[in-house]
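This report concerns only the one structure given below.
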Amino acid sequence: MFLILGHSCSNLFLVVVVLSATCFCSCWVLYGEQVQGGGGDGQHNTVTRSSFIYTTTVLRPYQWRYISVDLPLWFSSVTIALESSVGIDLKRFGKVSTLPMLCFREGSPPVPDVYNTSFTGLVLDYISNSSFGGSEDLQIVEKCYPMQKTISLMLTNEQIRPGIWYFGLFNGIGPIRTQSKMINRGRSYSFSGNITVEGCRNSAVLGKFCNQTVSLLSCLDTYISPESGIGSQSYKTAVNATPCGGTENSCLDVAGSKVYSLDVVSIAEELIITALNVTSTQSQHSNGTISRGSGITLMCYVRHGAIPLPQLYDYSADINGPPLVIPLPRLGRWYIRIQPANLSESTVVIQEMSTAICYSLEWQVLQCPADKAGLNCTTAKYTLQTFLKKSPSVFASDYLPISGKVSSDSANFPLGPLLSNSSGGEMTNYTWTFFLLDIPDGAAGGNIHVRLTSEAKISGEIYARYGGFPSLSNWDYFYANSTSNSNGSMFFKIYDASDKSVSFYIIYARGGTWCLGLRHPILNGHSSTTETIMSISLERCPETCSSHGQCKHELDANGLTLYSFCDCNRRYGGFDCSIELVSSSGRVLKTHVGHMWQSISLIASNAAALLPAYWALRHKAFAEWVLYTSSGISSGLYHACDVGTWCPLTFHVLQFMDFWLSFMAVVSTFVYLAAIDEVSKRTIHTVVAIVTALMAESGPTRSSNIILVVAIGTLGLVIGFLIEFFTHHRWISFSAELCLNMLNRWQTVKAWIHNFIRSLLKRFRWGFILAGFIALAMAAISWRLETSQTYWIWHSLWHVSIYTSSFLFLCSKAAAVNCENEQPRSENYELARQNSFTGSNERDGR
């Protein structure tokens, strides 16, 4: 029986295995049909590569935050979901400078306010999936959109390229974004979000739904082109170049297409693609005919970094004839789509006839030797070596040529020994000299600084390009002279454009390989012997913040990229602190404040401190007199410094003194109202001084400070009352007698409470108390209503209101009434008094 049972179990196990295998095969077939058909959403063939959740973050006025997203080569889509507290009506909104916005840029952080003239990248429309895509290079430009309450984007690899993308959230832009301001209030908004990157499971299958097979082409250095291939074509001019390439035979349906990928791993002169032996195979039922493909149009679409489409590509050509030549290709991965189109009449497919087109795809990448460049490989090329600066700047570095022709002892190097003396194929008297430098990926928040100096007029031109050699028709940035250059573009800023000196920055340069091409006259025996000096460096802040601010460093929200920005002083603003916001005379503000009487209002309104100071001096409250006087003087000096009139101390010290003494004046007013001894007052003042000093140092301009200061003052007043209570009313006994004579004790307590309330009413002049709270409420409202535009109005009213409230509270204090003199007499007190009289009579009788 055991054998029969075991045999039955074996059969049952076999049946289960067969059914499982059948089910697995059926599911796999259905899955394959879904992926190949492309009708599904592709979720079954994708996997989550990364997902970041950003908790709620608050952006105060003119604050910003960067978020970076790393998209790998095999990513399929990225989903961005942001929620914010912003509600903007695009038909009605205020100034663009105060508009919360979302900016994005490829490769490095966006900076929407490099120039103060206009916001070139701003699009006054809601962001959507259609905002991405196209042939526009978002590395040298950026786009900004108004912030929305809810943003939901799903971007595919057909819309954006792999790499690092940066999203910047700004709560206001413009030159005052980096200015040090006493007040930085206005509308804050919060945001939270989630960013998820989906990728294809198989790196050989890409596309929107991960259903597009991509064949990887390799570039072999030992490749030899066939006689009918690229090597025999007359268009090849780079005779000294070293080609790498290959061929691949393939066939495709007349209605189909095939996608290839090719990696360009080093700076190259040309990428050439052609098709050889193109044939068309026609079949009807079992009969087949083969015809030459002279009438076949075999379209080739090429795109850098993303799969091309017939309506979205970088280069295209019919490669069944002359090849497609891409001059100076960028580094990275290129995608190639081969697709037949426009068949001739001799090869038109009739009904019930299928057509297959076969071809041999050939490609070549032409590269010059390590120290040469150009179509003839006759111009000079130098790879620059990084030398870290000895200054305290983070990641600041100089770039010097790796050559025995110049010394590496200095950050500057002469150009004379390095310049090319061959035309490089140009039919002019000019030639090129190229310099290659690498920017670390984590230093995308740095700036490339290029300088040229000479004793004579500089005759050269500088062209810069990311990932490839520049040319007269293909560059990212250039400088020819003071009138012909890229100045005004989003990330190119010129600081010196004289005849003998040139200095410019590439703002927030993308990490990777950059090439600088110097186009200059060909040297000859009659050339000038005047030396031209060049320097190339990576700096954190342009022009060291123009000597009007401090260069600070922050990490993006992912903690992957270190970017730098300028924290300008009170008189300057702009991303490089080069825009003067307060005139050198210190009396006229050029932005937002505007007139001299506004500055006078901020300073003169502190004269209201004379009211409480005079009262304190008249009543011989010398400590309070010193406090009110010092508070008014420090506030006046601080605002004088804030508008640029005069700064006897540093801006930070004056700001601390202003807020700290203001906090102390408010709290001391409340403590003064309590009738306690000087020892208790000194103790309370010491504790309050420590707490308010911490408040003034950590966050002096927070709106919650006014509530906190009033709360501390009220607490000091209550503590003073408690000290006074326990000092003057120790006669209350909680001994066992309280239980024995509860009725008499209760009457005593009621009488005491009645007398205490009477004395409290007599202690203060309640009309002044009410007026003081009204003035204090006006001060709180003024504090709350302060914005960058109306700051001078409301803060002047704040000065008057807060000092007036202190004066009214001081006037509310009447002569102290001792509750002990009116307390009910206890039985023990009467008995003691009777005994004393008896003792006196006995002594008198003697």
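Numbers below:
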| read-out | value |
| --- | --- |
| Which listed pairs, of K91/K143; K493/K552; K143/K389, have C-alpha distances above 22 Å, in listed order | K143/K389 |
| Relative contact order computed over region 46-206 (Cα-Cα under 8 Å; 6+ residues apart), in percent | 51 |
| Among S188, G199, Y66 - extreme Cα towards positive end, dipole of region 46-206, charges at beta-carbon | S188 |
| Added length on full extension, which subtracts the Cα-Cα distance from 0.36 nm per residue, I757 to V626 | 43.9 nm |
| Value in Å of the Kirkwood radius, where region 46-206 supplies the Cα pairs that are averaged | 16.5 |
| Unit charges at the beta carbon, dipole of region 46-206: most positive-side option, I151, G107, V86 | V86 |
| Compactness index (Cα Rg / 2.2 N^0.38 Å), region 417-496 | 1.21 |
| Solvent-accessible surface (1.4 angstrom probe) belonging to K493, in square angstrom, nearest 10 | 30 |
| Two-site label geometry, K552 and I769: point separation in nm, points 7 Å out along Cα→Cβ | 4.5 |
| Carbon plus sulfur fraction of accessible area for region 46-206, probe 1.4 Å, in percent | 51 |
| Net charge of neighbours whose Cβ lies under 11 Å from the Cβ of A275, counting Lys and Arg as +1 and Asp and Glu as -1 | -3 |
| Backbone HN-Hα couplings from phi across region 623-632 [Karplus 6.51/-1.76/1.60, Hz, Gly and Pro as x] | 5, 5, 4, 4, 5, 5, 5, 5, 5, x |
| Hz values of 3J(HN,Hα) by residue in region 121-131 - Karplus curve (6.51, -1.76, 1.60), Gly and Pro given as x | x, 7, 10, 7, 7, 6, 6, 8, 4, 6, 6 |
| Region 302-316 versus region 777-809: alpha-carbon centroid distance in Å | 61 |
| Long-range HN-HN contacts of D314 with modeled amide H, under 5 Å | V302, R303, H304 |
| Residues with amide H under 5 Å from that of Y223, placed H, sequence gap 5 or more | G245 |
| Charge-dipole axis of region 150-218 as Lys and Arg at +1 and Asp and Glu at -1 on Cβ define it, positive-most pick from L217, I160, F170 | F170 |
| Accessible surface ranking that places the most exposed of L617, L415 first, with a 1.4 angstrom probe | L617, L415 |
| Theoretical gain in end-to-end length, S190 to A711 [0.36 nm per residue, Cα-Cα removed] | 184.8 nm |
| Simple label model, 7 Å out from Cα along Cβ direction - I633 to T530, nm | 5.9 |
| Estimated distance in nm for a label pair at A81 and K389, the labels positioned 7 Å out from Cα along Cα-to-Cβ | 4.4 |
| Surface per residue (accessible, 1.4 Å probe) for region 46-206, Å² | 40 |
| J(HN,Hα) series, region 564-572, from Karplus relation 6.51 cos²θ - 1.76 cosθ + 1.60, nearest Hz, glycine and proline x | 10, 8, 9, 9, 7, 7, 5, 9, 10 |
| Contour excess over end-to-end distance, with Cα ends at H652 and T56 and 0.36 nm allotted per residue | 211.6 nm |
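The values are calculated or read from the model by the stated rules, or taken from the named source; none is laboratory data. Just so it is clear, the model here is predicted, and its values are computed rather than measured. So basically every Cβ, Gly included, is an ideal-geometry build from the backbone, and we count neighbours across all protein chains shown. Side chains are part of the model used for accessible areas, which takes the heavy atoms of the whole protein and leaves out ligands, DNA and RNA. Shrake-Rupley method; radii C 1.70, N 1.55, O 1.52, S 1.80 Å.
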